[in-house]
Amino acid sequence: MSAQVVVETRNLTKVYRDFWGRQKVRALKALDLEVRQGEIFGLLGPNGSGKSTTIKLLLGLLFPTSGQALVFGRDATDVTKNERIGYLPEESYLYRFLNAEETLDFYGRLFNMPRAVRRQRTADLIEMVGLNWAKRRQLKEYSKGMTRRIGLAQALINDPELLLLDEPTSGLDPIGTRDMKRLILRLRDQGKTILMCSHLLADVQDVCDRIAILHQGELKELGRVDSLLKVRDVTEIRTTVLSEACLKEIREVVQRHKGEVQMVGNPTTTLEELFNKIIEESEAHPGRRVRGVEVGGGGRNAH
Amino acid sequence: MPIESYDFQTFAEWFPGAFAYWAAVMGCLLVGGLITGFFVSVLRSGPMRAVEVVGRAVRDLVLDMTLLSPRRILALAWVAVKEAVRRRVLVVFALFLVLMLFAGWFINTASDHPERVCIGRLVFPAMWVLTFLLGLFLSSMSLPLDIKNRTLHTVVTKPVRQSEIVLGRILGFAAVGTLLLAAMGVIGWLFTIRTLSHTHTLTAGQLKEETTPGSQTSLLKGKTSAASGHQHAVTIDASGEAVVEMKQGHTHDLYIEGEGDDATYTLEGPKDQLVARVPIYGKLHFLDRAGNEAEKGVNTGDEWTYRSFIEGAGRMAAIWEFKGITQRAFPESEFPESIPLDLTIEVFRTHKGDVSKAVAGGLWLRNPDTGLKVEAQVFGAKKFSRDVRPIPRSIEVFKKDAKGKPVKDANGRPVRETYDLFRDLVTPDGRVEVWLQCLEGGQYFGMARADAYFHARDASFVLNFVKGLLGIWMQMALVIGFGVMLSTFLSAPVALLATVFVIVGGIFRDFIVDLAAGKTYGGGPWESAIRLFTQQNQIVELEPGLRTSAALTFDTIAKPALWMISRVLPAFGNFEFDDYVSYGYAVDGDLLLRCAFQLIGFLLPLTVAGYFFLKNREVAR
């Protein structure tokens, strides 16, 4: 754990007040967090748990009632920190009268990027998010998934060191979700730090290294995903398909060692994985009906 | 056209005082803001933290106002332009176009000065209203809608300073307004030319030969055909030189081909109608009834503030001190006989007599160095007529002795002597005094500083028209500045209303100043309200009592507030040049420069205030 701390909150508290200064909601209560360089950190929690508030405080869109929010060691309200940040809001809040090229060019100009760099970066990002075919269309004509993609492209326009993603897979179809998760992992592999918040637990589980679970503005759990999800009183052995005789033998061995066999059978895959496989197969062989897709032994429920 | 004393100041005369005043107001606002911020921080977080917060605010202000990126500002301005276009601002232009297409039906071209009606009552006011509305709606609605739609979230999470957002908006909307105003200007110009353009016909049959009594020569006299509700009298002498009467503020060039009944007469388009006179104004002071110098004349009750009056047949005089009356300004090649003095006089009669008869007045020229004073001419003045009084380069007068009696020669004939205008009456550095006296007892002449000027040359009318547009543009920029600033902390409808308040307050700023100074009739706002609801006139004293005492107390409290409000409201009237354009006076370069600096003087603190409010606003709430 020697990696540099990129995001840090110290006793971060946010209270929403009304016009007369009366307390309406305590959205965040004394949050202490550290996000280190090169990790994917997930903020989890139900609606109203303080996830988005935390992100907005880190971006300087809200001011803390007390405590501190630091990004790259600077106060979150310091505008210069934004040069190293990319932000994908929950909804892609972009100017709908611009097209994809204009949008990326505009945000590139906000980073003071020279024209040639902007052009190259715009072309690369449009290619990356797969919107080359619609780059001249105004964003108001885009579907929600397309808007999320261009939103992600704008977040990456400055090749940021830290990405703040607010519900990154919201509004995306399963393929878009898969692509988004792959992209997040690829960005992590490039050394970028990613802080995301989501209430889609499967997505978080798939990509995050560490998570923090918030509820009613309070930090309830914090740690590595694999460690937090480990079921310590159950042993799982995964093998290739075995004969009935072999299975009987294994049961006897378990009983002899005072153990209890809870379940024996073939594992199931996730619907997401099945869907993605079918689409991949369909794209590989267009026009042919996909039958009996075999999903590999990576199923989550193998016992 | 009334010209206030403010308009006579040169930029060099105006700037030091204006800058000191501006700096004082800005200093007060800045110090007031810091003190308020400090106390708010003390209440929120205690004194130690308050010092830190205020210190950081000052540091951020300096950094954010100096480390600006032109690329970012232009990008934000570009988006503002795109947004404006998306909001169908071109409708404004279409509205103007429709107005110009049909306005021609309602313009009275037969009026005394159709150019004043066309430019001053239609084209410029229409452009003014449309650009004001454009600036008002664009500037006050845009930022709140961006915050509501959360598009601003994505922008402020980039390395954009709040000052750049405010400046970008102002520049973007100003660019949209500039384009629209330029387009409207072109249409307005074409409309003006087309509306005023006319010609007359003249045939040999319309001319009659007249012989001047006691002269061998004969003249051809007649009238042109009627067009635009008027005709011109034409006089052609034996040499073929024609004089076309000045009517409705213009004349026409007349070309004659052939002779006698075969002659054809061609009249060109209007001449001297769309002009931009460059006046040389003097400083005005008076001599009172005792002949002593005075700042003002007498008040006849006819006009109270702008003009002062001098009594006839006495020692009272109006004296204009002119500078810059040099041979270079009035070269002999262009002004061979005389130099033109334009004079407008208000005549106030205490006994009517024949009202159509002019009241006699006299003009004298005086050399301020030598004290030589020479009568230039005696004339008849009619109420409010602008007359050109040519001042001869060579003035011949009867010689008078020390007692003022005419000197006669050996034959008993009065001796004449001749004075050269530039040698004897104007100082080498171009100073001369023009004295005006009313010569009829019981009658009064009224005059203001701008009522007499030497007319040296005409500037380009097109350029003057553009300067008039610049005046509208500057007012629009002010509206945009206020709109954007107010929208940084108010919601769209409230920002819109607040900007309307600034516009209305700015238009009536002089009245608010008078109200704060207690110079208005009818008292302050509360007293006036009582008079309004109880239908009492402005002069009668209110009935003593609790209600009156309360109203007077509230008015006393309101006065300092009104004074402060009047200090920060822009005087939109200072930027209005449409009267200059329509009355045919060139907009002075110094006046433009003063207005430009005033505009900067407002936009700078508005940007800082907008930055400050946006910086301290939680955009995501």
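Beta carbons closer than 6 Å, at least 6 apart along the sequence or on distinct chains, pair a first residue in region A:72-86 that is more than 7 Å from chain B (Cβ to nearest Cβ) and more than 14 Å from A:E8 (Cβ to Cβ) with a second that is acidic (D, E) and open to solvent by 50 Å² or more (accessible area, probe 1.4 Å) for A:R84/A:E161.
Take the residues of region B:149-174 that are assigned to a helix (DSSP H, G or I) and without any contact (Cβ under 8 Å) to a residue 12 or more places away in the chain: which is most open to solvent (accessible area, probe 1.4 Å)?
The selected residue is B:N149.
Within region B:538-554, the residues that satisfy the criterion of being within 20 Å of B:A516 (Cα to Cα), open to solvent by 40 Å² or more (accessible area, probe 1.4 Å) and either outside any helix (DSSP H, G or I) or out of contact with any helix residue (DSSP H, G or I) (no Cβ under 9 Å at 6 or more places or on another chain) (or both) are B:Q538, B:I539, B:E541, B:S549.
Give, as residue ranges, the strands (runs of 3 or more DSSP E) completely inside region B:175-276 that count at least 1 residues that are of a type in the set (D, E) and surrounded by 11 or more Cβ atoms within 10 Å (Cβ to Cβ). Even if it seems obvious, please write down each step before you answer.
Working: elements: B:207-211, B:218-223, B:233-236, B:242-244, B:251-257, B:264-271.
Here the list reads B:207-211, B:251-257, B:264-271.
Hey, among A:R291, A:R238, which residue is modelled with pLDDT under 75 and either in contact with a Leu (Cβ under 9 Å, 6 or more places away or on another chain) or open to solvent by 90 Å² or more (accessible area, probe 1.4 Å) (or both)? Lay out the reasoning, then the answer.
Values: A:R238 fails: modelled with pLDDT under 75.
When all the criteria are applied, what remains is A:R291.
Residues that are open to solvent by 40 Å² or more (accessible area, probe 1.4 Å) and β-branched (V, I, T) occur in region B:453-472; there is at least one. B:F489 meets each of the listed conditions (1) part of a helix (DSSP H, G or I); (2) open to solvent by 60 Å² or more (accessible area, probe 1.4 Å); (3) at pLDDT 90 or above apart from (1). None of A:G86, A:G67 is within 14 Å of A:T193 (Cα to Cα) and touching a strand residue (DSSP E or B) at 6+ places or on another chain (Cβ under 9 Å) except A:G86.
Restricting region A:26-51 to residues that are modelled with pLDDT under 90 and open to solvent by 70 Å² or more (accessible area, probe 1.4 Å) leaves a set whose member that is nearest to A:M180 (Cα to Cα) is A:N47.
One residue alone among B:F124, B:F106 is out of contact with any Ser or Thr (no Cβ under 6 Å at 6 or more places or on another chain), away from every other protein chain (no Cβ under 14 Å) and open to solvent by less than 50 Å² (accessible area, probe 1.4 Å), and that residue is B:F124. For region A:96-116, taking the residues that are among the aromatic types (F, W, Y) and open to solvent by 10 Å² or more (accessible area, probe 1.4 Å), the one that is nearest to the other protein chains (Cβ to nearest Cβ) is identified as A:F97.
Only residues that are hydrophobic (A, V, I, L, M, F, W, C) and closer than 15 Å to B:M564 by Cα were counted in region B:505-532, giving 7. A single member of A:L187, A:L219, A:L183 is surrounded by 15 or more Cβ atoms within 10 Å (Cβ to Cβ) and either in a strand (DSSP E or B) or of a type in the set (S, T, N, Q) (or both), and it is A:L219. Please verify whether region B:565-579 includes one or more residues that are of a type in the set (F, W, Y) and open to solvent by 50 Å² or more (accessible area, probe 1.4 Å). No, there is no match, as no residue in region B:565-579 is of a type in the set (F, W, Y) and open to solvent by 50 Å² or more (accessible area, probe 1.4 Å).
I need the full set of residues from region B:307-325 which are farther than 17 Å from B:D342 by Cα and open to solvent by less than 50 Å² (accessible area, probe 1.4 Å), in order please.
Result: B:S308, B:F309, B:I310, B:G312, B:G314, B:M316, B:A317.
State all residues of region A:258-280 that are of a type outside the set (D, E) and in a loop (DSSP other than H, G, I, E, B); if no residue qualifies, say none. If the condition is that a residue be of a type outside the set (D, E) and in a loop (DSSP other than H, G, I, E, B), then A:K258, A:G259, A:V261, A:Q262, A:M263, A:V264, A:G265, A:N266, A:P267, A:T268, A:T269, A:T270 are the ones that fit. For region B:6-27, the set of residues classified as closer than 16 Å to B:L599 by Cα and outside any helix (DSSP H, G or I) is empty.
The values are calculated or read from the model by the stated rules, or taken from the named source; none is laboratory data. Since the structure is predicted, the reported quantities are computational estimates derived from the model, not experimental observations. All Cβ positions, even for glycine, are placed from backbone atoms using ideal geometry, and neighbour counts span all protein chains on display. Heads up: the accessible areas ignore ligands, DNA and RNA and are worked out on the full protein's heavy atoms, side chains in. Shrake-Rupley method; radii C 1.70, N 1.55, O 1.52, S 1.80 Å.
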